[in-house]
Each structure stands twice: as structure tokens, then as C-alpha cells.
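Novice: First the structure, then my questions, so here it is.
The values are calculated or read from the model by the stated rules, or taken from the named source; none is laboratory data. For clarity, every value in this text was computed on a predicted model and none was experimentally measured. No Cβ is skipped: glycine too gets one built from the backbone with ideal geometry, and neighbour counts run over all protein chains shown. Accessible surface is based on the protein model in full, side chains and every heavy atom, while ligands, DNA and RNA are left aside. Shrake-Rupley method; radii C 1.70, N 1.55, O 1.52, S 1.80 Å.
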Amino acid sequence: MVCKSWTLPHRMSGQVVPASHSLLGSVRLTYAVCAFLSICLHSAMRSMLAMVILRMVKPRPEDALLMALELDSSNSTAAGQCGGSVFGLSAGVQVPQTGDLPWTRNQELTFPGVFYYGYVISIPLAGHLSDRFSSKRLFIMSLVFEASAYFLLPTMAHHSYGAAVASLVVSGMCAGCGNPPLYQLFVTWAHPTERTSLLSFAYIGLLMGSIVVYPVANYLSDYAWELSFYVVASVTLVFGITCHWLIYDTLDEHPRISDAEKAYLQREPLSKSQLSVPWRHLLTSLPVYAFILTHIFHNYTFLVLSVVMPRFMREAMQFNLHDVGLLSAAPYLGGMFSKLICVFSCGYVERRVGLKQSWMRRLLYVACSILTMIFIGIIICAGCEQKTLVMLIYALLYATTDMGFSAGYWPTLLYFAPSFAGLLSGVANCLAHLSGFLAPHLVATLVHTGTKAEWNIVLLTLIIFNGMAMIVFGLFSSTRLQPWDPRRRLESLSATPANVH
């Protein structure tokens with residue numbers, strides 16, 4: 001039997017590959033858990049800035065006026081035409097601001113977005129390095145150095161705003177170095193029929209990091225806002241060092257892998273000469289462009305939902321600040337539901353559909369995109385008094401957005417170009433995360449007073465971007481191993497002796 005596809009179990013060099021191998025107690029599960037914790041910690045360090053920044057900055061004289069207006073608005077409007085609090089609690093609940101940094105309002109608002117400047121700079125280079133050198137080292141160094149930068153950030157912030165910005169840019173650069181090797185290592189430590197499930201499990205960390213860090217950072221900030229950085233950075237540093245004994249680049253380097261699991265995962269090794277980047281083929285490949293453009297369009301929706309939509313809930317839907325804080329995790333529950341579906345079902349579906357994965361993923365992504373656009377349309381039509389409906393749709397919107405990502409387009413790169421997964425995912429993430437600091441500028445241009453009509457224009461841009469992603473991925477995506485990938489050439493060589501005999 002000769003390997004017909006990178007997506008199916010096969011035999012190599014006369015060796016019979018086991019049809020399956022238990023995930024429980026395996027080194028595959030060990031890496032998946034490490035990847036989950038790494039994504040969780042990266043997400044926690046990035047997400048906590050939006051909340052801790054409220055405790056870092058010294059109260060300004062103009063804030064007293066804004067607080068008075070907020071209380072007056074909550075008493076008069078929230079209980080008026082747009083209804084009262086979702087939980088029936090007092091609209092005048094206030095969170096004290098106990099910071100000591102003399103920053104301006106503009107500095108306070110722009111500081112969390114500085115992270116993405118470093119992120120987009122480092123991620124393409126990290127993608128190239130993870131394909132050609134040690135993914136393990138990049139994985140560990142990303143965690144250790146980002147944790148170190150976060151540990152120093154409070155000291156830098158007390159020194160000056162510029163020093164804090166420099167520290168956060170370095171943190172973003174270190175975080176960018178961690179994504180491509182994490183993705184690349186799944187080529188080694190996940191069987192083709194398990195990749196979507198294990199990737200989905202690992203990327204649950206994006207949700208869990210945000211869900212867990214908000215209450216933890218809020219509790220620690222009651223004592224001192226610096227504690228949030230020290231505790232999260234210390235945990236990340238310890239975990240990063242521990243990964244030295246848990247993660248390995250190749251099957252032969254791992255000291256605890258069983259012979260059965262090694263046979264289950266074994267593939268012909270690729271030399272450095274075989275891994276020379278076929279730039280001409282990459283630049284003329286439709287699946288490559290489909291993957292990158294889909295990620296750009298899709299990630300715009302994800303970043304707007306994650307970063308900007310809480311302000312939409314406050315201004316357009318007129319939620320009071322207390323409810324906005326409590327409900328900030330609601331969309332992540334929808335994403336969690338989507339991830340669980342992927343973890344427990346995608347492996348089974350992949351084994352059943354085999355070589356028809358391209359059509360399966362296209363149909364799934366198109367369906368998720370259509371549902372996403374419908375949900376956005378419902379939010380556009382909803383009035384500010386329909387708070388419960390909007391929150392429900394918001395959670396469903398996050399579920400369909402995540403399903404399109406986790407089970408739709410994101411795993412395809414591991415199938416059509418596994419040898420260059422780090423490079424291509426790095427380029428895609430670099431371009432897609434430009435929205436991290438460009439989207440807020442677009443919102444600032446479109447939304448002047450915070451009315452529902454102005455915010456509806458922002459929501460319309462989400463529909464446009466989802467439509468473009470649906471068209472691109474639906475027409476041009478593929479999961480078939482491309483002929484310019486070195487692993488395809490190895491399969492052709494291994495097929496020749498079999499045909500002779």
C-alpha cells in the first residue's frame with residue numbers, strides 16, 4: 001500500500017502503520033495540552049491589558065465630570081426607552097480607579113493596541129525560522145521572553161509612557177514568535193486525522209485565557225495593579241521553562257514516545273535542501289492566496305468582535321457599565337461551544353470523508369459565513385431595548401465565527417502545504433493582525449457620537465468582509481497536498497518502487 005494523500009494513514013518503507021493509537025497518555029496529547037496552555041497564557045497577557053489599564057492610570061479632573069454624566073445617563077436612559085439593567089442591578093455601580101500613572105486619556109486608550117505593532121513585525125520572520133530551524137526553541141523563547149517583558153512592564157510604566165510602550169512592543173514581538181512554531185509542531189505531533197480536533201482543543205486557550213484572566217486580574221488589582229503583571233508573567237515564565245522537557249522537534253528526539261505511537265506518526269524526514277522555499281510556486285498558488293485572504297477577511301471580524309464590540313454594547317445598545325463588565329465573557333461561551341464540537345467530532349468526520357475534505361470544509365465555511373451575516377443583520381435591526389436578544393445573537397455570532405475558523409479554513413494549511421505551515425501561517429497572521437490597530441481607526445472615522453445608526457455602518461463592514469471571505473474560500477481553497485510541497489515528491493518517490501514490484 002502506498003500513501004495516496006497526506007491526509008490519510010499509510011505505510012512507509014514496508015512498515016505497516018497502525019490504523020489508530022490511543023490519544024490518552026500519548027505524547028500527542030502532551031503537546032496538545034502544552035499548546036493549549038501556551039495559547040491560554042499568550043491570550044491572558046494580551047487580554048488583561050484592556051481591563052488593568054483602568055487601574056493603572058491616575059484619575060484625571062475631567063473624569064469626575066464624565067462619571068457624573070455616566071451616572072445621570074444610567075438613571076435616566078437605562079431605565080427608560082432602552083430598558084433597565086439586564087441583571088436588575090443598580091446602574092450606578094462604579095469601579096474605583098486607583099492608578100498612579102499620570103497618562104493622558106489618549107495614551108490610556110491607545111496603549112493596549114501598541115502590542116500589535118511588535119506582533120506583526122516578528123511573526124513573518126518567526127514563520128520562516130520555524131520551518132527551517134528548531135520550532136521547540138522558538139516556542140519556548142516566545143513564552144520566556146514575553147513573560148520577562150511583562151514582568152518589567154510595571155517598572156517601565158512608572159519610568160515613562162515611552163518606556164512602557166517599548167516594553168509592550170517587545171512583548172508583542174515575542175508573542176508573534178510563538179504562533180508559527182506552535183502551528184508547525186502540529187505537523188509532527190498530530191496524525192492527519194486528528195489535526196482539526198487537536199488544533200481546536202489547543203485554540204480553546206484563546207477563549208479560556210480571556211475568561212480566566214479578567215476575574216483574576218481584577219482581584220489582584222484590588223491590592224495593586226502591578227500584581228497582575230507579576231503573577232501572570234511568573235506563571236508563564238515557569239511554564240515556558242518546563243516545556244523544555246515536554247516538547248521536542250522530532251519523533252527521534254522524544255525520550256518517552258512509544259514504538260507504536262512513533263510508527264503511527266512516522267513519516268519520511270525532510271532534509272534542509274528539500275525544504276528550500278519554492279517562492280515561484282507559493283506566489284502563484286490559488287490555495288495559498290485563498291488561505292491568506294480568508295484569514296485577513298475573517299480575522300477582521302474576530303478582532304472587531306473582541307476589541308471594539310464592548311463599546312458598541314455600551315453606546316449603541318446602552319448597556320450600563322456594570323452589565324458590560326459582567327457580560328464581557330458571554331461571546332466566549334459561544335466560541336467555547338464551537339470548539340467542543342470540533343474537538344469531539346472533527347476527527348471522526350475527517351476519517352469518514354477522506355479525500356473529500358476540500359468540499360466538506362468549503363460547505364462548512366460557507367454555511368458559517370451565511371449564518372454570521374444573518375446574525376449581524378439581526379443585531380443591525382434590533383433596537384436598544386432588545387438587550388437579551390442581542391446578547392444571545394452575539395454569542396451565536398461568536399460560535400459561527402469560531403466554527404468557520406476552527407473547522408473551516410484554519411486547519412487546511414496543514415494539509416495542502418504542511419512543509420511550509422510555519423512560513424505561510426506567519427505571513428497570514430502578520431497581514432490579518434494589521435486589523436488590530438487599523439480597525440479602531442476605521443471605527444473612529446465612522447462613529448462620531450456613538451448612535452446605533454453609526455454603529456450599524458461598522459456592522460455592515462463585518463458583513464462585507466464575511467462575504468469576501470466566503471467567496472474566496474468557497475471558490476479557491478483546497479486541502480490536497482500541493483505538487484510543490486516536498487512531501488508530495490517523497491510520496492511520488494515511494495510510489496515508484498511499489499509500482500515496479
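Novice: Within region 133-145, count every residue that is of a type outside the set (Val, Ile, Thr) and open to solvent by less than 80 Å² (accessible area, probe 1.4 Å).
Specialist: The initial filter retains those residues of region 133-145 that are of a type outside the set (Val, Ile, Thr), namely 133-139, 141-143, 145.
From what's left, open to solvent by less than 80 Å² (accessible area, probe 1.4 Å): 134-136, 138-139, 142-143.
Counting residues in region 133-145 that are of a type outside the set (Val, Ile, Thr) and open to solvent by less than 80 Å² (accessible area, probe 1.4 Å) gives 7.
Novice: For residues in region 89-118 being under 30 Å from the mean Cα position of the chain (by Cα) and open to solvent by 70 Å² or more (accessible area, probe 1.4 Å), which is modelled with the highest pLDDT?
Specialist: The extreme case among them is Tyr117.
Novice: Just one of (1) open to solvent by 50 Å² or more (accessible area, probe 1.4 Å); (2) assigned to a helix (DSSP H, G or I); (3) more than 25 Å from Gly422 (Cα to Cα); (4) not small (Gly, Ala, Ser) trips up Arg256, so point out which.
Specialist: Tallying (1) open to solvent by 50 Å² or more (accessible area, probe 1.4 Å); (2) assigned to a helix (DSSP H, G or I); (3) more than 25 Å from Gly422 (Cα to Cα); (4) not small (Gly, Ala, Ser), Arg256 fails exactly one: (2).
Novice: Which of the residues spanning region 238-250 are crowded, with 19+ Cβ neighbours inside 10 Å, in a helix (DSSP H, G or I) and not hydrophobic (A, V, I, L, M, F, W, C)?
Specialist: Gly240, the sole residue that qualifies.
Novice: Could you grab me the full set of residues in region 373-403 that are β-branched (Val, Ile, Thr), open to solvent by 30 Å² or more (accessible area, probe 1.4 Å) and touching a residue at least 12 places away in the same chain (Cβ under 8 Å)? Full working, then the answer.
Specialist: Filtering region 373-403 for residues β-branched (Val, Ile, Thr) gives 374, 376, 378-380, 388, 390, 393, 400-401.
Next, from what is left, pick out any that are open to solvent by 30 Å² or more (accessible area, probe 1.4 Å): 374, 378, 380, 388.
Passing the criteria: Ile378, Ile380, Thr388.
Novice: Against the conditions (1) within 18 Å of Ala432 (Cα to Cα); (2) touching a residue at least 60 places away in the same chain (Cβ under 8 Å), where does Ser122 fall short? Just the number, please.
Specialist: (2)
Novice: Let me ask you something else. Looking at region 404-417, which of the residues that are closer than 23 Å to Leu303 by Cα and of a type in the set (A, V, I, L, M, F, W, C) is most open to solvent (accessible area, probe 1.4 Å)? So that I can check it myself, show each step before the final result.
Specialist: Taking region 404-417 first, the residues closer than 23 Å to Leu303 by Cα are 404-413.
Restricting the remaining residues to those that are of a type in the set (A, V, I, L, M, F, W, C) gives 405, 407, 410, 413.
Numbers: Phe405: 28, Ala407: 4, Trp410: 7, Leu413: 0 Å².
Among those that are closer than 23 Å to Leu303 by Cα and of a type in the set (A, V, I, L, M, F, W, C), it is Phe405.
Rundown of residues vs (1) among the β-branched types (Val, Ile, Thr); (2) open to solvent by less than 50 Å² (accessible area, probe 1.4 Å), yes/no style:
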site: Ile204; (1), (2): yes, yes
site: Tyr223; (1), (2): no, no
site: Tyr230; (1), (2): no, no
site: Thr236; (1), (2): yes, yes
site: Thr284; (1), (2): yes, no
site: Tyr300; (1), (2): no, yes
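Novice: Further, regarding this structure: Determine which single condition Phe420 fails, assuming it passes every other condition in (1) without any contact (Cβ under 8 Å) to a residue 40 or more places away in the chain; (2) crowded, with 22+ Cβ neighbours inside 10 Å.
Specialist: (1)
Novice: Right, here's the next one. Residues in region 329-343 that are modelled with pLDDT under 80 and exposed (fewer than 14 other Cβ atoms within 10 Å of the Cβ): how many? Reasoning before the result, please.
Specialist: First pass over region 329-343, keeping only residues modelled with pLDDT under 80: 329-332, 343.
Still in the running and exposed (fewer than 14 other Cβ atoms within 10 Å of the Cβ): none.
Of the residues in region 329-343, 0 are modelled with pLDDT under 80 and exposed (fewer than 14 other Cβ atoms within 10 Å of the Cβ).
Novice: Would you confirm whether any residue within region 424-432 is under 20 Å from the mean Cα position of the chain (by Cα), within 20 Å of Tyr332 (Cα to Cα) and polar (S, T, N, Q)? Let's see the steps before the verdict.
Specialist: Kept after step one, since they are under 20 Å from the mean Cα position of the chain (by Cα), are these residues of region 424-432: 424-432.
Filter once more, keeping what is within 20 Å of Tyr332 (Cα to Cα): none.
No, region 424-432 has no match at all.
Novice: Here is a further query. Can you pull out every residue in region 350-361 that is open to solvent by 40 Å² or more (accessible area, probe 1.4 Å) and in contact (Cβ under 8 Å) with a residue 60 or more places away in the chain? Give the derivation first.
Specialist: Step one: filter region 350-361 for residues open to solvent by 40 Å² or more (accessible area, probe 1.4 Å), giving 351-353, 355-356, 359-360.
Arg351, Leu355 - these are the residues of region 350-361 that are open to solvent by 40 Å² or more (accessible area, probe 1.4 Å) and in contact (Cβ under 8 Å) with a residue 60 or more places away in the chain.
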